[in-house]
């Protein structure tokens, strides 16, 4: 099943190259962690998308006529004792559905031959260090043969644009994996919530790393291969640091805890954020701001559907948050004016400084343009009211069924003289993963609740 899926993807990529084009796609290199061990290996997303192959030190070549060639590590029984099984070039065609396969040691000998008499060579720009120079070296070998009638490709093209458009809309196979990843991650969030309340009820010392450990345990117990990114486990004031990492800080009764964490399953990421009271009960000010963030997420979810623009959920979020900030007194009407003034002047930016979502897929911040391709030439200019920077805007991407994005509004209240003290150091973010449908969106991460009453009930259990 998956072999045919990857073959179909390679055929689609080949069709974009032109009949006489050629594409070269390497996987990610292994990276040393210390003197005698490497970081846990993770393949390159583009390479995996086209092959389903997870071994390091491999390359894929696709030609415009639809032919695909894999270069991979040769069988080596001695090295396999130490490093594990290798598929090897002999088994690769049948296992992966490629047309031919060579040992990666033959790459430098084979690539000039395959580049010869091609019109254009495609490869991912600005991703793999040294790739451009290596392609240049192969092209120089082709140029050395022009006196014998060889033709060297005149064009070098970025393959990312082609593959980004392919990856942006997820097929049924991809959506199924992402639903399962979301379910695993939701269970991990539940586990961390319940542990926090239980340990505090029992009078134990709770640290951020205790909750992080619960996430990692459930990720692996559910069958995922890795965390999709470094988990954010932020207690109390730490929740106001957007990219905080789980550390040794205490989790105290009366604090909020913000956890932004998701697993990666079979090459696809999940990305969930929940904010909950460490002891299982929201205080009044916490509940006020939490319900405001949740209302803004509800508005964003309602705005997410095929035919809408990518920016629409963000604008829906900002409208709700701007009104709420005025209503609860975090913004002073006498200073900032009406809700329209708050939005136009970006007065909300003190408390909400990020966008409401991003593409999600094989990468947490997945590839794909946020500009509508058919309208890329339509440019308008405006001055940012905070930075005075001249901004060039283009029409936002039109959402299509099968696109997957996060919906993640938040509020972050740092202490300041003009900020009511009862809101100090409250950081809240609520994030879910959404598959765009024709009539709306499917939230695939709601295995963990977002309603404040339901969170409190869960943590009492």
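The values are calculated or read from the model by the stated rules, or taken from the named source; none is laboratory data. Here the structure is a predicted model, which is why all the values come from computation and not from measurement. FYI the Cβ positions are ideal-geometry reconstructions off the backbone, even for glycines, and counts take in every protein chain you see.
May I ask you to verify whether residue 28 is under 21 Å from the mean Cα position of the chain (by Cα) and either at pLDDT 95 or above or crowded, with 17+ Cβ neighbours inside 10 Å (or both)? Spell out how you get there, then give the answer.
On the way: under 21 Å from the mean Cα position of the chain (by Cα): yes; either at pLDDT 95 or above or crowded, with 17+ Cβ neighbours inside 10 Å (or both): yes.
Here the answer is yes, as residue 28 does meet what is asked.
Here is a list: 326, 331. Which entry is more than 28 Å from the chain's Cα centre (by Cα), in a loop (DSSP other than H, G, I, E, B) and crowded, with 20+ Cβ neighbours inside 10 Å?
On the way: 326 fails: in a loop (DSSP other than H, G, I, E, B).
Just a single option satisfies the conditions, and that option is 331.
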When region 82-96 is examined, which residues are found to be out of contact with any strand residue (DSSP E or B) (no Cβ under 9 Å at 6 or more places or on another chain) and either modelled with pLDDT of 95 or more or closer than 17 Å to residue 48 by Cβ (or both)?
-> 85, 94, 95
Does region 271-284 contain any residue that is assigned to a helix (DSSP H, G or I) and modelled with pLDDT of 95 or more?
-> yes
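A quick yes/no check of all residues on (1) at pLDDT 95 or above; (2) surrounded by fewer than 24 Cβ atoms within 10 Å (Cβ to Cβ); (3) under 22 Å from residue 455 (Cα atoms):
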{"residue": "207", "(1), (2), (3)": "yes, yes, yes"}
{"residue": "224", "(1), (2), (3)": "yes, no, no"}
{"residue": "227", "(1), (2), (3)": "yes, yes, no"}
{"residue": "245", "(1), (2), (3)": "no, yes, no"}
Single condition residue 439 does not satisfy, out of (1) within 19 Å of residue 175 (Cα to Cα); (2) surrounded by 12 or more Cβ atoms within 10 Å (Cβ to Cβ) | (2)
Selection count where residues are more than 13 Å from residue 207 (Cβ to Cβ) and crowded, with 19+ Cβ neighbours inside 10 Å, scope region 247-260 | 4
Somewhere in region 55-75, is a residue without any contact (Cβ under 8 Å) to a residue 12 or more places away in the chain and either in the same structural domain as residue 162 (by TED's automatic domain parsing) or part of a strand (DSSP E or B) (or both)?
-> no
Members of region 334-361 found to be closer than 30 Å to residue 174 by Cβ and in a loop (DSSP other than H, G, I, E, B), listed by number | 354, 355, 356, 357, 358, 360, 361
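Test of understanding: among 161, 203, which residue is assigned to a loop (DSSP other than H, G, I, E, B), surrounded by fewer than 21 Cβ atoms within 10 Å (Cβ to Cβ) and either within 29 Å of the chain's Cα centre (by Cα) or at positive phi (or both)?
Working: 161 fails: assigned to a loop (DSSP other than H, G, I, E, B).
Exactly one of 161, 203 is assigned to a loop (DSSP other than H, G, I, E, B), surrounded by fewer than 21 Cβ atoms within 10 Å (Cβ to Cβ) and either within 29 Å of the chain's Cα centre (by Cα) or at positive phi (or both), namely 203.
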Residues satisfying the stated conditions in region 399-426, i.e. assigned to a helix (DSSP H, G or I), touching a residue at least 60 places away in the same chain (Cβ under 8 Å) and out of contact with any strand residue (DSSP E or B) (no Cβ under 6 Å at 6 or more places or on another chain) | 422
Determine whether residue 4 is closer than 26 Å to residue 361 by Cβ and surrounded by fewer than 15 Cβ atoms within 10 Å (Cβ to Cβ).
-> yes
Filter result (more than 18 Å from residue 369 (Cα to Cα) and crowded, with 18+ Cβ neighbours inside 10 Å) within region 302-313 = 303
